[in-house]
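The values are calculated or read from the model by the stated rules, or taken from the named source; none is laboratory data. On a predicted model such as this, the values are computed, not experimentally measured, just so you know. Virtual Cβ from ideal backbone geometry, glycine too; neighbours counted across all protein chains shown.
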Amino acid sequence: MRDTSSSGWCQLPMMGVRAGNRSRYATAWAWAAAAGLWALIWFHGTRTHGVTDVNEMRLWAGLTWMDSGKFLVLPYSAVLLGTYLLGQPARLSRVSRVVWVAMLVVVVVEIVTVALQFWPFRWGSYEMSFEDMESSDRYPAIVTEAGILGALATFIGTVLWVPLGVGLARAGGVSIWVVPVAVVGMLYTLFPTPVSWVPAAAWLVMAFGIAMKRSRSSGPSAGLD
């Protein structure tokens, strides 16, 4: 009879490596999706709002820049998924775990506030502006003040990325250089009018770094970077 006990023990670590790779690649794809979706919204904004603070109020594909702003919930949702997946395989400390949960809450707040900011506007119309909405009695305070709440959430999230990123790096979840990239990406979501291209670039770099981190740690030099 062939002794398969040793081969069985060898297969267990390999199964863990393959499962870890799948989790890492899923995380990378989530951040890449966030980058791609944000880039599409940025591109549409350059054709409708323009690249300066002056609102040019143009239509592109029949949509205003407020219409494309409605779809900001999609990249933010991908960021929520990517942030959630980042904290799953990593052996985070108790403090880092609390910061990770706080970051998830922050992203949820950003999703809600960006929806409250843009979805009240009529599709394909510049008839109502943000100033008109703020001065109107038709909308509750939570809608008219959504921009301030979103900005506050973004600021908190930018600060939280520092301890969270350090905690993830110590747990082997990301390389330490990802931390400043994540901070810059989060910070530049503070400017939704017009949308900046910086978050898309930052999240794409993060996706690449996260995927490469797993491919390196799967080899003989695991844990050295």
Inset, instruction - For segment 60-77, indicate whether the set of residues that are farther than 22 Å from W29 by Cα, assigned to a loop (DSSP other than H, G, I, E, B), among the hydroxyl-bearing types (S, T, Y) and at pLDDT below 90 is non-empty. - result: no
Legend entry - Of all residues in segment 141-168 being over 15 Å from the mean Cα position of the chain (by Cα), buried (at least 19 other Cβ atoms within 10 Å of the Cβ) and hydrophobic (A, V, I, L, M, F, W, C), the one that is modelled with the lowest pLDDT: A146
Legend entry - Residue ID - modelled with the highest pLDDT, chosen from residues in segment 180-195 that are surrounded by 18 or more Cβ atoms within 10 Å (Cβ to Cβ) and over 13 Å from the mean Cα position of the chain (by Cα): V195
Inset, instruction - State yes or no: is A202 in a helix (DSSP H, G or I) and farther than 19 Å from V106 by Cβ? - result: no
Legend entry - Checking A33 against (1) within 19 Å of E127 (Cβ to Cβ); (2) assigned to a helix (DSSP H, G or I), the condition it does not meet: (1)
Inset, instruction - Among residues belonging to segment 9-49 that are at pLDDT below 50 and of a type in the set (G, A, S), point out the one that is farthest from M206 (Cα to Cα). - result: G16
Inset, instruction - Return yes or no: is S93 of a type outside the set (K, R), closer than 24 Å to Y25 by Cβ and surrounded by fewer than 20 Cβ atoms within 10 Å (Cβ to Cβ)? - result: no
Inset, instruction - Of the conditions (1) without any contact (Cβ under 8 Å) to a residue 60 or more places away in the chain; (2) closer than 17 Å to T158 by Cα, S96 clears all except one; give me its number. - result: (1)
Inset, instruction - Look at segment 23-42 and say how many of its residues are under 29 Å from L59 (Cα atoms) and surrounded by fewer than 19 Cβ atoms within 10 Å (Cβ to Cβ). - result: 3
